[in-house]
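Single-structure report; data block below.
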Amino acid sequence: MSLAGNSILIPRGGSSADRWSAAVTARGATPLVLPLIESAAPSDPGPLAEAAARWNRGDYDWVAITSATGASAFAEAGARPHTSSRPGSQRPRVAAVGPATAAELRRHGFPIDLAPASDFSGDGLAEAFRAAEIAPSLVLLPASEIADDTVESGLTAAGHRVERVTAYRTVPAATDRRAARERAREVDIVLVSSGSVARELAATLAPLPPLTTVIAIGGPTARALDELGILPDAVAEEHTVDGMLDAADALLSPRRTPPHAPQHA
């Protein structure tokens, strides 16, 4: 395993950190958990609670969930799985952006009716709706306060009506920046899973040590890093933690030592 012996920074806490740490350890590497962002309740929880109540009443045809955090927030707002169809119609259905989101939804009892086959991103989720040729529907979209409009615009273009509601806020983690920079000196590889993580990485840890390898989870995150002056060394093909580890593995496999330096200075 080319990742064996490397220290890999995990920028999230909570259950995400547990899941990512297990994946890193399975590759023979050492996880270093250093939360850069965390989730918080919406400033006004009322709209999410009302959307959850309407979901429970069967007012929506679909709910589209774009993160594991969104799945948790939706359930915690009181949303419940529909176990049977409404009289004369199909039960409201659930779409998940990727495996981690689907797993969190299932943990709360929600069945998964639609998910991308491989592109676990907003574009991939919108394309999954198009590929399934779903009739125009009313879709609830609980999302981060700062999420872009990729899913919303993609579904709207496909003829669906989308009601977006803020499910959670993404905020900087309470971090001692000096201590965080000291810990970052131990890191060989950084996994960057969103634009929010990229911004906090730049604010908290930049400049990174010269030989640090930076892996982006996808194109939008890579572009966010670029705009912040941090050039990613690789971009994951599959938008998951395993995809990022695969990208790091492929990058480092010819040589056990993490690569070049100048772009992170």
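Here are the numbers for the structure shown:
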| item | result |
| --- | --- |
| Neighbours by Cβ (under 9 Å, 6+ apart or cross-chain): first from region 135-163, surrounded by fewer than 16 Cβ atoms within 10 Å (Cβ to Cβ) and modelled with pLDDT under 95; second assigned to a strand (DSSP E or B) and aliphatic (A, V, I, L, M) | E145/A167 |
| Which numbered condition L105 fails, given (1) within 21 Å of V171 (Cα to Cα); (2) in contact (Cβ under 8 Å) with a residue 40 or more places away in the chain | (1) |
| Failed condition for R80, given (1) under 17 Å from A167 (Cβ atoms); (2) part of a loop (DSSP other than H, G, I, E, B); (3) touching a Ser or Thr at 6+ places or on another chain (Cβ under 9 Å); (4) of a type in the set (D, E, K, R) | (3) |
| Filter pass, L191 being over 15 Å from the mean Cα position of the chain (by Cα) and not in a helix (DSSP H, G or I) | no |
| Selection from region 4-18 of residues that are surrounded by fewer than 16 Cβ atoms within 10 Å (Cβ to Cβ) and not hydroxyl-bearing (S, T, Y) | A4, G5, G14, D18 |
| Flag for A64 being surrounded by 24 or more Cβ atoms within 10 Å (Cβ to Cβ), part of a strand (DSSP E or B), in contact (Cβ under 8 Å) with a residue 24 or more places away in the chain and aliphatic (A, V, I, L, M) | yes |
| Members of region 12-35 found to be at pLDDT 90 or above and touching a strand residue (DSSP E or B) at 6+ places or on another chain (Cβ under 7 Å), listed by number | W20, S21, V24, T25, A29, T30, P31, L32, V33, L34 |
| V171 vs. criteria in contact with a strand residue (DSSP E or B) (Cβ under 6 Å, 6 or more places away or on another chain), farther than 22 Å from S72 by Cβ and in a strand (DSSP E or B) | no |
| Candidate set from region 229-245 (those that are closer than 13 Å to L3 by Cβ and at pLDDT 95 or above); member that is surrounded by the most Cβ atoms within 10 Å (Cβ to Cβ) | M244 |
| Search result, residues across region 1-59 that are part of a loop (DSSP other than H, G, I, E, B) and more than 30 Å from S253 (Cα to Cα) | A41, P42, S43, D44, P45, G58, D59 |
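Conditions (1) under 14 Å from S67 (Cα atoms); (2) within 20 Å of the chain's Cα centre (by Cα); (3) assigned by TED's automatic domain parsing to the domain that holds A51, marked per residue:
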{"residue": "L105", "(1), (2), (3)": "yes, yes, yes"}
{"residue": "S118", "(1), (2), (3)": "no, yes, yes"}
{"residue": "A132", "(1), (2), (3)": "no, no, yes"}
{"residue": "P142", "(1), (2), (3)": "yes, yes, yes"}
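The values are calculated or read from the model by the stated rules, or taken from the named source; none is laboratory data. Computed from a prediction, not measured in an experiment: that's the story for all the values here. Neighbour counts are summed over all protein chains in view; Cβ atoms, including those assigned to glycine, are modelled from backbone coordinates with ideal geometry.
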